[in-house]
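Following: one structure in structure tokens, then a few remarks.
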Amino acid sequence: MSKTNLKNKEQNSGDMIDDLELSMEGKEEEPEKKTGQGKKEDGVLMSRTKIALAKKLLENIRENNDQLIQLLAGTIGEEDEARLSIGQMSDDSFVSDQAEAEAGRVIEGVFDGENMIGPDGKQYSVPANYASKSKLVEGDILKLTITPSGTFVYKQIGPIERSRVIGKLEQNDTGSFIVISEGKKWRVLTASVTYYKGKSGDEVVILVPKAGQSQWAAVDNIVRSKF
């Protein structure tokens with residue numbers, strides 16, 4: 001065999017090996033591409049889930065953050081500042097987040113003037129003394145923690161906007177107290193009237209929802225008549 005033919009044969013063999021290596025490299029890259037695409041798809045799904053969860057969390061805390069910023073900036077009025085004051089809540093009703101997590105069942109609901117209405121439509125009794133001391137208004141959002149021992153611990157978490165109304169205190173035939181102002185009537189808790197030692201005919205300052213109608217009002221103060 002001539003040197004020229006041998007050289008050509010070696011060159012052809014080298015070319016075949018190069019082609020084979022390129023072919024194998026191409027095949028090895030294909031699974032990696034597919035795997036990479038799979039990871040990308042999984043990453044997109046995970047990102048969407050995380051974005052959705054983050055969006056919900058941000059929506060839940062946005063309102064509270066806005067109020068906090070306004071409070072720090074001094075743009076909230078005295079009435080709203082008093083309404084948001086932690087002093088409006090009973091000291092014995094405060095439970096830390098950790099304690100709540102360990103305590104048991106937690107339910108949020110709306111105060112209807114006497115009781116809390118849960119998301120399931122059930123009524124949960126609210127102690128009259130707590131409602132009076134906290135000056136709860138119909139429409140306030142409450143959080144109820146039911147401890148393992150069965151104790152109900154309430155916390156006011158969403159006060160409704162309030163308006164002050166001056167009216168006259170009266171007692172009906174059943175012994176319940178009502179407040180009359182400009183032809184409108186509101187029921188008030190007997191515990192609130194008793195606390196201020198009010199009686200029929202006294203001038204009373206009540207808190208009612210700023211928007212909409214309500215059947216109940218919270219007693220803010222009572223001006224006792226001299227007679």
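How many residues does the range 133-152 contain that are crowded, with 20+ Cβ neighbours inside 10 Å and assigned to a strand (DSSP E or B)?
Qualifying residue count, the range 133-152: 1.
Would you mention how many residues in the range 198-218 are more than 19 Å from Ala128 (Cβ to Cβ), assigned to a strand (DSSP E or B) and under 24 Å from the mean Cα position of the chain (by Cα)?
Number of matching residues: 1.
Just name the residue that is farthest from Ile178 (Cα to Cα) out of those in the range 107-133 that are out of contact with any strand residue (DSSP E or B) (no Cβ under 6 Å at 6 or more places or on another chain) and polar (S, T, N, Q).
Asn129
Test of understanding: among Gly175, Gly167, which residue is surrounded by fewer than 19 Cβ atoms within 10 Å (Cβ to Cβ), of a type outside the set (Asp, Glu) and either more than 18 Å from Pro127 (Cβ to Cβ) or assigned by TED's automatic domain parsing to the domain that holds Val137 (or both)?
Answer to the selection: Gly175.
Every residue, every condition in (1) of a type outside the set (Asp, Glu); (2) within 19 Å of the chain's Cα centre (by Cα); (3) at pLDDT 95 or above; (4) closer than 25 Å to Glu203 by Cβ, yes or no:
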site	(1), (2), (3), (4)
Ala99	yes, yes, no, no
Val106	yes, yes, no, no
Lys122	yes, no, no, no
Leu136	yes, yes, yes, yes
Leu142	yes, yes, yes, no
Ile160	yes, yes, no, yes
Arg164	yes, no, yes, yes
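For the range 166-192, how many residues meet the condition of being out of contact with any Asp or Glu (no Cβ under 8 Å at 6 or more places or on another chain), of a type outside the set (Lys, Arg) and not in a helix (DSSP H, G or I)?
Number satisfying all stated conditions: 12.
Kindly indicate which of Ser192, Ser132, Ser149 is within 29 Å of Val106 (Cα to Cα) and without any contact (Cβ under 8 Å) to a residue 24 or more places away in the chain.
Residue meeting the stated conditions: Ser149.
Going residue by residue through the range 168-175, is there one that turns out to be under 20 Å from Gly109 (Cβ atoms) and touching a Phe, Trp or Tyr at 6+ places or on another chain (Cβ under 9 Å)?
No, there is no match, as no residue in the range 168-175 is under 20 Å from Gly109 (Cβ atoms) and touching a Phe, Trp or Tyr at 6+ places or on another chain (Cβ under 9 Å).
The values are calculated or read from the model by the stated rules, or taken from the named source; none is laboratory data. Just so you know, these numbers come straight off a predicted model, no measurement behind them. Virtual Cβ from ideal backbone geometry, glycine too; neighbours counted across all protein chains shown.
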